[in-house]
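Here is the structure we will look at, set down as structure tokens.
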Amino acid sequence: MSDTTGQIDEIRAFNRFYTRQIGLLEEHFADGPLSLPEARVIYEINAKGYVTARDLVQELRMDGGYLSRMLTKFVEAGLTAVSPTPGDRRSNTIALTPDGDLIARRLNTRSHDAVASQIHGLADSQKRELVDAMRTVRRLLRDSALTRGPVVIRDHRIGDLGWLIHRQGIIYNEQFGWNIAFEALIAGIYSEFERAPDAPAKRLWIAEQDDAIIGSIFVMPSEGLAGSAQLRMLYVEPVARGQGVGAALVAQAVGFARQNGYQRMRLWTHANQASARKLYAGAGFRIVETMPETNFGKDLEGEIWELTL
């Protein structure tokens, strides 16, 4: 059995399990005033504010004739109002009436209570783990309704260093084929940072989005070079790239070095790290030394970059 076949089997098993969970949630609607399909339509109209019948057919994958009869029923019951769509005489816009809003609020409360009952026995950390996993599923399968929250840059806290080592070990292996020697190296680098005294100044930042770590960077004194700061371990999650996270982290590090009286800033990188090199060049760093290396199971071209502050 190939790895892909095993993965597909796991996804199918998850789908069967989750379908059973959805069935349990649906039972909470069984004694309500609306059938489950009717509740789904009311929920969708409420979520979007106003829709067309075509929107509902596409979003809910519902038969057009069945939906038409349902919408007629809603109008007759005073739950929805229909008006011509501006600029399109062939379609109508559907919105909830005040009575429809009341029904939607009751449905949302019932759904909220049903989910709360499902996760009642989980610890807070397990609830966060569940939500993170569900968001990951939606992101990887490209849920168009999933929106990103703001990027927050914060100081590091307990648990972050282990996560950074873990993630960067995986990412650099997937992206560049680097072996476990890289993970061992950065474990030492993070340990060195944490053991270093508070003066000269040092600091590590975490970029976070939707309560998940998406990047980091840190600054500490360059060993044996008075007045020089070392920029180290810039990393951005692949899914978060393109939002300016890396540039923001580099700017944070450079600004910190300037504020704390460093005269210059140095970093070590490799010629194959194209995205990071663009960020460094954009921040004003220049290559001052190159050297061939055999590291992490690969032949590499190492580079030392420097910025005068």
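The values are calculated or read from the model by the stated rules, or taken from the named source; none is laboratory data. Keep in mind it's a predicted model, so treat the numbers as computed, not measured. Here the Cβ is made from the backbone with ideal geometry for all residues, glycine too, and neighbour counts use every protein chain on show. Quick note on the areas: whole protein, heavy atoms, side chains included, nothing else; ligands and nucleic acids left out. Shrake-Rupley method; radii C 1.70, N 1.55, O 1.52, S 1.80 Å.
Hey, any hits in the stretch 229-249 for a residue that's outside any strand (DSSP E or B), free of Cβ contacts under 8 Å to residues at least 24 places away in the same chain and more than 30 Å from residue 128 (Cα to Cα)? Within the stretch 229-249, not a single residue is outside any strand (DSSP E or B), free of Cβ contacts under 8 Å to residues at least 24 places away in the same chain and more than 30 Å from residue 128 (Cα to Cα). Number of residues in the stretch 152-185 that are in a helix (DSSP H, G or I), under 15 Å from residue 236 (Cα atoms) and not aromatic (Phe, Trp, Tyr): the value is 13. Residue 206 meets the conditions (1) open to solvent by less than 50 Å² (accessible area, probe 1.4 Å); (2) closer than 30 Å to residue 139 by Cα; (3) part of a helix (DSSP H, G or I) in every case but one. The failed one is (3). The set of residues from the stretch 38-62 being among the basic types (Lys, Arg) and out of contact with any strand residue (DSSP E or B) (no Cβ under 8 Å at 6 or more places or on another chain) comprises 40, 48, 61.
Figure legend. Inter-residue proximity from the stretch 113-130: first residues on the phi > 0 side of the Ramachandran plot, second residues open to solvent by 80 Å² or more (accessible area, probe 1.4 Å) and in a helix (DSSP H, G or I), beta-carbon distance below 6 Å, spacing 6+ or different chains. No pairs are indicated.
May I ask you to verify whether residue 101 is among the acidic types (Asp, Glu), closer than 29 Å to residue 21 by Cα and in contact (Cβ under 8 Å) with a residue 40 or more places away in the chain?
yes
The residues of the stretch 255-309 that are over 24 Å from residue 175 (Cα atoms) and of a type in the set (Ser, Thr, Tyr), listed by number, are 262, 308. Pairs meeting the criteria (first residue in the stretch 279-302 and outside any strand (DSSP E or B), second residue open to solvent by 80 Å² or more (accessible area, probe 1.4 Å) and not polar (S, T, N, Q), beta carbons under 8 Å, at least 6 apart or on different chains) are lacking. Residues of the stretch 170-200 that are open to solvent by less than 70 Å² (accessible area, probe 1.4 Å), under 19 Å from the mean Cα position of the chain (by Cα) and without any contact (Cβ under 8 Å) to a residue 24 or more places away in the chain: 170 alone.
Conditions tested, residue by residue: (1) basic (Lys, Arg); (2) open to solvent by less than 10 Å² (accessible area, probe 1.4 Å); (3) modelled with pLDDT under 95.
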site: 225; (1), (2), (3): no, no, yes
site: 229; (1), (2), (3): no, yes, no
site: 248; (1), (2), (3): no, no, no
site: 251; (1), (2), (3): no, no, no
site: 256; (1), (2), (3): no, no, no
site: 259; (1), (2), (3): no, no, no
site: 267; (1), (2), (3): no, yes, no
site: 281; (1), (2), (3): no, no, no
site: 285; (1), (2), (3): no, yes, no
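Please determine, by comparing only the residues of the stretch 21-52 that are open to solvent by 60 Å² or more (accessible area, probe 1.4 Å) and modelled with pLDDT under 80, which one is nearest to residue 105 (Cα to Cα). Only one residue fits best here, namely 33. For the stretch 162-169, the criterion of being more than 17 Å from residue 261 (Cα to Cα) and β-branched (Val, Ile, Thr) is met by at least one residue. Among the residues that make up the stretch 63-77, is at least one of them modelled with pLDDT of 85 or more, in contact with a strand residue (DSSP E or B) (Cβ under 7 Å, 6 or more places away or on another chain) and of a type outside the set (Phe, Trp, Tyr)? Within the stretch 63-77, one or more residues are modelled with pLDDT of 85 or more, in contact with a strand residue (DSSP E or B) (Cβ under 7 Å, 6 or more places away or on another chain) and of a type outside the set (Phe, Trp, Tyr).
Among residues of the stretch 209-223 being at negative phi and assigned to a loop (DSSP other than H, G, I, E, B), the one that is most open to solvent (accessible area, probe 1.4 Å) is 223. Looking only at the stretch 106-122, decide whether some residue is among the hydrophobic types (A, V, I, L, M, F, W, C), loosely packed, with under 14 Cβ neighbours inside 10 Å and not in a helix (DSSP H, G or I). Yes, the stretch 106-122 has at least one match.
Within the stretch 103-127, the set of residues being modelled with pLDDT under 85 and either under 11 Å from the mean Cα position of the chain (by Cα) or under 23 Å from residue 207 (Cα atoms) (or both) comprises 125 only. All told, residue 164 meets the bar of being touching a strand residue (DSSP E or B) at 6+ places or on another chain (Cβ under 9 Å) and either small (Gly, Ala, Ser) or open to solvent by less than 60 Å² (accessible area, probe 1.4 Å) (or both).
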